[in-house]
Amino acid sequence: AFGRCPTEILETALLLSSSGEDVKSVYLEYYELWRTILRHLFPASERYIIHEDWAIPHSSQPPHSPSRTVSFAVFPPAQAQPFVLVQVSSQTEFKSEMLRDTAAQEASHIFDLVAPYSLFSEVLVISAMGQSWKGFRRETALTSAEA
């Protein structure tokens, strides 16, 4: 599988710190990895727009609240709403089952905030912890509890 991975993504992944000493630095490195992955999958040359730290509209959370923003939101050409959402967490959080579960719940919460206003029949949400990730593609007509 890694043989098919684009060089720019492999190079970014290889440069990542594995020490975990500076959590903020490691988080930013993984943020860069996911930015590189999304830019490859959804290139600007094909008119995709990738917003970083996208503020979820219609959220009841206070402005600048971590649960009101998504690390990355991918918008297809000429669309005002995203169809891919990626929430990046620190790799160090992956070691804790409780934090992995919390990240999965956060992904479902993000979906529930975005889906009612989506023009798309489905939305893809990815919860990324370092190089590890879980994702789901869900019909926007359903809530997380119904899915």
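So the values come out like this:
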{"read-out": "Some residue of the stretch 126-136 being at pLDDT below 80 and open to solvent by 30 Å² or more (accessible area, probe 1.4 Å)", "value": "yes"}
{"read-out": "Residue match in the stretch 133-140 (condition: farther than 16 Å from residue 57 by Cα and not in a strand (DSSP E or B))", "value": "no"}
{"read-out": "Enumerated strands (runs of 3 or more DSSP E) restricted to the stretch 37-108, each holding at least 2 residues that are under 14 Å from the mean Cα position of the chain (by Cα) and at pLDDT below 90", "value": "84-89"}
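The values are calculated or read from the model by the stated rules, or taken from the named source; none is laboratory data. Just so it is clear, the model here is predicted, and its values are computed rather than measured. In case anyone asks, the SASA skips ligands and DNA or RNA and just uses the protein heavy atoms, side chains included. Shrake-Rupley method; radii C 1.70, N 1.55, O 1.52, S 1.80 Å.
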